[in-house]
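Reading through the structure tokens given below for one structure.
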Amino acid sequence: MTIAEVGRPRLRKEDAHLITGRSRYTDNMTLPGMLHLAMVRSPFAHAKITSIDTSAAKSSPGVVAVLTGADVAAEQGSLPNVWPVTTEQKAPAFPSIAVDEVAFAGEVVACIVARSAAAARDAVELVDVSYDELPVVLDLEEAFTDKVLAHSNLDSNLSATWVFDSGEAGTGKPIAEALANAEVLIERTFYQQRLIPAFMEPRSIVVDPTSEQITMWSSTQIPHILRLILALTLGLPESKLRVIAPDVGGGFGGKLTVIPEEFITLMAARRVGKPCKYTETRSESLQSGHHGRAQVQKVKLAATKDGIVTGLDIQLLADMGAYLGIIGSGIPILGAFMYNAIYKFPAYRLECSNVFTNKAWTGAYRGAGRPEATFAIERLMDELAVDLGMDPLELRKKNWINHEEFPFTTVTGLEYDSGNYEAATAKALELFGYDELRAEQARRREANDPVQLGIGISTFTEMCGLAPSRVLGALSYAAGGWEHAQVRVLPTGNIEVVTGTSPHGQGHETAWSQLVADKLGVPFENVEVLHGDTQISQRGLDTYGSRSLAVGGMAVLAAADKVIEKAKVLAAHMMEASEEDIEFTDGKFSVKGTDQSTAFGEVAFAAFSAHNLPDGFEPNLDSDATFDPQSFSFPHGTHLAAMEVDTETGQVTIRKYVCVDDVGVVVNPLIVEGQVHGGLAQGIAQALYEEAVHDDAGTLVTGSFVDYLVPSAPDLPHFTTARTETPSTTNQLGAKGVGEAGTIASTPAIVNGVLDAVRHLGVKDIKMPCTPARVWAALEEAKTTGGVQ
Amino acid sequence: MIPSAFDYAAPATVAEALGVLADAGDDVKLLAGGQSLIPVMKLRLADPAMVVDLGRIGELSGVRDDGDALLIGAMTTHHEIVTDPLIAEHVPLLAMAAATVADPQVRHRGTFGGALVHADPAGDMPAPVLAADATFILAGLDGERRVAAADFFQGYFTTAVDDGEILTHIRVPKYTGWGARYEKFTRVAQQWSIVAVAAMVRVEGGTIAEARIGLTNMASTPLRATAVEQALVGAPLTREAIATASAHAGEGTDPASDLNGDAAYRRHLAEVLTKRAVIVAAGL
Ligand SMILES: Cc1cc2nc3c(=O)[nH]c(=O)nc-3n(C[C@H](O)[C@H](O)[C@H](O)COP(=O)(O)OP(=O)(O)OC[C@H]3O[C@@H](n4cnc5c(N)ncnc54)[C@H](O)[C@@H]3O)c2cc1C
């Protein structure tokens, strides 16, 4: 019996080349005669371009060409938005090089093409752009009032208003009734600060226009979608474009986008007829890559006196930034279905207004809408518990879906297939030592200890496995949500798996090898996974939204199933038995009730040699499959944080962090652990550290890692992680998705913990990130306003 | 992140370096560890026509015993300050502060002299050096001059080093037997000081006999917390007495307001951190 691969903590196949520096990032690419690009960017957040003088730059040594918006106006088109959330959605044109108006600081106004990166950079300073400054609107709530317009040719900053009402949708009761009859009503405003995805590898693009088919290498999460959008926008035949995502050093949603620089590099390369490379600097990455979160949530929670939630009303403002990115408009909508989280309350309404400001445009960032939703409901559950004087865990228990109630159709109309919140919570409590920490908290309060202790709780669920194509269609998203795979059987019986997912740190090469090794009974080492090149993997919808295993992995399994079906026919022929009598186990085909068998490799070779095949049998075992999920999967978990707050300085420290996640069946526990750790770090970063801050003129103040504080290992505690395993019933493996779990749950757990530590001192809320200065200011304010209510 | 083009020289002696400096004119920069200069050049916030690398001048590195003081070469790295036995014995405060600078890579490249001449208000080395009353030895074509720490730091990124001069050594008096503590406050582990306090305390017979307190990032230059120092002299070795004295830490300061906190918060931090630093330095 071979050891099952699924469930083994295999070290990742990908790592050896990455950690020994033999990586192939886009910037490592050097082509003969390659030219280099540098961008001239607007220093102003909103201005008319009155003139651009490129003459000095053009005569600078090594400069081959300088492109302005006017030069490419005829061909550049507008970067598309593929998710019109309403039929009336408004969006300004989004040219890759601004033509006459810039709407955020960092927008490209010209591009230098030169023989070396240094020559290109030198010439940037020689481009003389004259601007007429226009008023800027930076604050989201102010933008919503339309007093200042982010674009002079739009008559409102409002892009779209999207509404979900459970009464109207027929998925629940009307919210008005719930609010009117509420025995307890909790009203709050939460600010989801703007975050920067801050992936490690800056974005980089190389375009080779020298053959019939143009090749683009890009540090992207979405090579397939990118090719389609480039073709549609620039009017090129799709077949003339090949897009390759080589090693990609992180994305977190920040590379789930098409960017002006991809268009510019392609246009420049075609113009000069030579390979061109553009690699952004870290500052450019922080300034002009898309940002995430940036929402204001006005929330009302209705409940009975004994703690049964009866309704939730959300007024959401979502900052689109200056333009609509490909899916920026849809990010808040992804969250809209998750505000009800693990709870079963009957009435829900969300009204989301997408609003333009003069800042970098926004898009997906790890969790994409779902962290914001989870934050709101989990903060509210704590607020309600405080209001009612109940234990926050007891309150959650009263409202969550019990395990015997699955499948459960929620107030947003989603069917949760499975889950066991009781089990995950019980395990978390046991690992945490909840009662002991509560006792210590009481002692510290009693002693008026300068360091106070708080316990933060967050449960979560999220919709993963993006996405059933018909659901995306119903939400007006332009594409489907299926995934494709091919399993190629080589003559020796070795396997090549071609996947349409596009890993950039997730370890698909390892995990897909494990899936196929089990399925076909071949050694893990004999499976090669190919991806990230539209010429190798023709069909795919790439990697984001914790979709790759639950959707792409299922396509791999389905393709492997087809291989087995084909091979059975040949094996039967080889052993002169009937197909029905062939069994396949451990990599061997055997004839039922006999000791006759033939190995997978022998069948593979027989297919290759094709000397003796059944009539009509094509001489190969290769198989394709495209999997379109019928439903989402719903991972869930319970996170507990013990937070220490130094009341003298406002410094917050995580003393203990316990999370129990239920991500369904696990293919590789080591990869899952890694995903959870990274996710926690990013969620904690939102709670305590990160915020994109602009000055009054709209310049990004946190424009380098000196000011944009990304936590590193010494800032994070030793995480206690554990899992429960309730298989998903929506796919053959029972997998759910883990990419975003840690990010979604940790932010509210941390903030709830900070508040729990200082609420008795009169602090009611602290904006994220909960910096020492803010915590201290909140404590000071509580002192002057009289403290405990 | 590509700097403008520049000429480069790497002289082998201080005398040679002074000659190169004199010939190069105004638009020249000395390069020590490069941990501050190279980043600003890459961002093109500085674009010197010439860079003179001090890295090959052996006489500028190392720590020597010089009687009642230690003589520290300007090119001595942060890492060497952290691990040097003479410093550990006589001015451990310097090692404590240097240990909080950035990460191992930066500490292996960045230098004591470079950090002092760079004079970033949030930099960690100036306040301990000021608290220790060090003397700066500057070499010029006309010979050597000595500048007291109190006169060396003149403003935001500005020191007494003139064009054409090289900081060769820093003479730091010995504080053998004193208690020391560098209390640095940051939001993440690898960050410049939001506020930091450098404290040295000599305890005698149950009271504080002498105290030297330097403040980091409480003005455009490092400051001495003289009011605290005075209040501590003769104070009993109790937390309460130290807290009372530390309440003067904000006096005479002029801190900036930025993303990490406003001036009021920084003054408050200075008090809390002074209290904490002195408590540890006094061995409580
Ligand atoms: C990521 C990072 C984090 C950091 N974090 C911290 C921190 O937390 N705390 C902290 O204090 N510092 C920090 N630093 C700065 C570090 O301490 C630097 O090493 C120091 O500021 C400059 O020293 P250097 O030897 O690198 O000098 P350089 O960068 O080479 O030079 C700095 C300046 O001093 C001048 N100069 C250098 N040597 C002489 C000399 N002998 N005579 C005259 N002029 C001279 C140069 O011309 C230049 O203007 C950090 C740096 C980095 C890159």
Test set (1) out of contact with any Leu (no Cβ under 7 Å at 6 or more places or on another chain); (2) part of a helix (DSSP H, G or I) - A:Ser130 fails condition number: (2)
Test for A:Gly253: is it over 20 Å from A:Ala65 (Cβ atoms) and of a type in the set (Gly, Ala, Ser): yes
Members of segment B:251-271 that are facing another protein chain (nearest Cβ under 9 Å) and part of a loop (DSSP other than H, G, I, E, B): B:Leu259, B:Asn260, B:Asp262
Exclusive hit being closer than 30 Å to A:Val451 by Cβ and either without any contact (Cβ under 8 Å) to a residue 24 or more places away in the chain or in contact with a His (Cβ under 7 Å, 6 or more places away or on another chain) (or both), set A:Ala722, A:Ala713: A:Ala713
Close pairs from segment B:33-56: first within 14 Å of another protein chain (Cβ to nearest Cβ), partner near the ligand (Cβ under 6 Å from one of its atoms) and outside any helix (DSSP H, G or I), Cβ under 6 Å, at least 6 apart: B:Gln35/B:Gly110
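Quick one: which residue in B:Thr274, B:Thr244, B:Thr221, B:Thr207 is more than 14 Å from chain A (Cβ to nearest Cβ), under 15 Å from B:Ala127 (Cα atoms) and modelled with pLDDT of 95 or more? Spell out how you get there, then give the answer.
Numbers: B:Thr274 fails: more than 14 Å from chain A (Cβ to nearest Cβ); B:Thr244 fails: under 15 Å from B:Ala127 (Cα atoms); B:Thr207 fails: under 15 Å from B:Ala127 (Cα atoms).
Selected residue: B:Thr221, the only one of B:Thr274, B:Thr244, B:Thr221, B:Thr207 that is more than 14 Å from chain A (Cβ to nearest Cβ), under 15 Å from B:Ala127 (Cα atoms) and modelled with pLDDT of 95 or more.
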Per-region count, segment B:103-122, residues within 14 Å of chain A (Cβ to nearest Cβ), within 10 Å of the ligand (Cβ to nearest atom) and either over 14 Å from the mean Cα position of the chain (by Cα) or surrounded by 23 or more Cβ atoms within 10 Å (Cβ to Cβ) (or both): 3
Number of positions in segment A:683-704 that are without any contact (Cβ under 8 Å) to a residue 40 or more places away in the chain and touching a His at 6+ places or on another chain (Cβ under 7 Å): 1
Tabulated pairs, segment B:108-120, first among the polar types (S, T, N, Q), second within 6 Å of the ligand (Cβ to nearest atom), C-beta under 7 angstrom, 6+ apart or interchain: B:Thr111/B:Ala32; B:Thr111/B:Gly33; B:Thr111/B:Ala74
Criterion: modelled with pLDDT of 95 or more, touching a His at 6+ places or on another chain (Cβ under 8 Å) and within 14 Å of chain B (Cβ to nearest Cβ) - qualifying residue of A:Arg121, A:Arg115: A:Arg115
Single condition A:Ser458 does not satisfy, out of (1) under 29 Å from A:Trp776 (Cβ atoms); (2) hydroxyl-bearing (Ser, Thr, Tyr); (3) surrounded by fewer than 24 Cβ atoms within 10 Å (Cβ to Cβ): (3)
Unmet criterion (only one of (1) surrounded by fewer than 19 Cβ atoms within 10 Å (Cβ to Cβ); (2) within 11 Å of the ligand (Cβ to nearest atom)) for B:Phe136: (1)
Pick from segment A:245-267, criterion touching a Lys or Arg at 6+ places or on another chain (Cβ under 9 Å) and in a helix (DSSP H, G or I), ranking: farthest from A:Met216 (Cα to Cα): A:Glu261
Top-ranked residue of segment B:1-17 - restricted to ones that are within 9 Å of B:Val51 (Cα to Cα) and over 26 Å from the mean Cα position of the chain (by Cα), ranked as nearest to the other protein chains (Cβ to nearest Cβ): B:Phe6
Tabulated pairs, segment A:473-491, first in contact (Cβ under 8 Å) with a residue 60 or more places away in the chain, second basic (Lys, Arg), C-beta under 8 angstrom, 6+ apart or interchain: A:Gly481/A:Arg547; A:Glu483/A:Arg547; A:His484/A:Arg539; A:Val487/A:Lys562
Scope segment A:676-729; condition assigned to a loop (DSSP other than H, G, I, E, B), more than 14 Å from chain B (Cβ to nearest Cβ) and of a type in the set (Gly, Ala, Ser); matching residues: A:Ala697, A:Gly698, A:Ser728
Identity of the residue in segment B:158-204, among the charged types (D, E, K, R) and within 23 Å of B:Asp262 (Cα to Cα), that ends up nearest to the ligand (Cβ to nearest atom): B:Lys184
Evaluation of A:Gly249 against (1) farther than 21 Å from A:His531 by Cβ; (2) within 23 Å of the chain's Cα centre (by Cα) (one fails), failing number: (1)
Top-ranked residue of segment A:610-655 - restricted to ones that are among the hydroxyl-bearing types (Ser, Thr, Tyr) and more than 14 Å from chain B (Cβ to nearest Cβ), ranked as surrounded by the fewest Cβ atoms within 10 Å (Cβ to Cβ): A:Thr626
Qualifying positions in segment B:1-42 - closer than 15 Å to A:Ala118 by Cβ and in a loop (DSSP other than H, G, I, E, B): B:Met1, B:Ile2, B:Pro3, B:Ser4, B:Ala5, B:Phe6
Candidate set: segment A:128-148, residues that are surrounded by 15 or more Cβ atoms within 10 Å (Cβ to Cβ) and either within 14 Å of chain B (Cβ to nearest Cβ) or without any contact (Cβ under 8 Å) to a residue 40 or more places away in the chain (or both); chosen: the one nearest to A:Ser353 (Cα to Cα): A:Asp146
Total residues in segment B:39-96, condition more than 11 Å from the ligand (Cβ to nearest atom) and of a type in the set (Val, Ile, Thr): 6
Failed item in (1) more than 12 Å from chain B (Cβ to nearest Cβ); (2) surrounded by 17 or more Cβ atoms within 10 Å (Cβ to Cβ); (3) farther than 23 Å from A:Ile196 by Cα, with A:Ile766 passing the rest: (3)
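Which strands (runs of 3 or more DSSP E) sit wholly inside segment A:1-93 and have at least 3 residues that are over 31 Å from the mean Cα position of the chain (by Cα)?
Ranges flagged: A:47-53, A:63-68.
Quick check on this structure: which one of A:Leu557, A:Leu570, A:Leu541, A:Leu530 is within 23 Å of the chain's Cα centre (by Cα) and either in contact (Cβ under 8 Å) with a residue 40 or more places away in the chain or surrounded by 19 or more Cβ atoms within 10 Å (Cβ to Cβ) (or both)? Don't jump to the end; show me each part of the working.
On the way: A:Leu557 fails: within 23 Å of the chain's Cα centre (by Cα); A:Leu570 fails: within 23 Å of the chain's Cα centre (by Cα); A:Leu530 fails: either in contact (Cβ under 8 Å) with a residue 40 or more places away in the chain or surrounded by 19 or more Cβ atoms within 10 Å (Cβ to Cβ) (or both).
Only one candidate qualifies: A:Leu541.
Please specify each residue of segment B:8-30 satisfying the condition of being under 13 Å from B:Thr168 (Cα atoms) and within 13 Å of the ligand (Cβ to nearest atom).
Pass one, segment B:8-30, residues under 13 Å from B:Thr168 (Cα atoms): B:13-15, B:17-18, B:30.
Within segment B:8-30, B:Val14, B:Ala17, B:Leu18, B:Leu30 meet the criteria.
The values are calculated or read from the model by the stated rules, or taken from the named source; none is laboratory data. The model shown is predicted, which means the values in this text are computed figures rather than measured ones. Neighbour counts run over all protein chains shown; Cβ positions are idealised from the backbone, glycine included.
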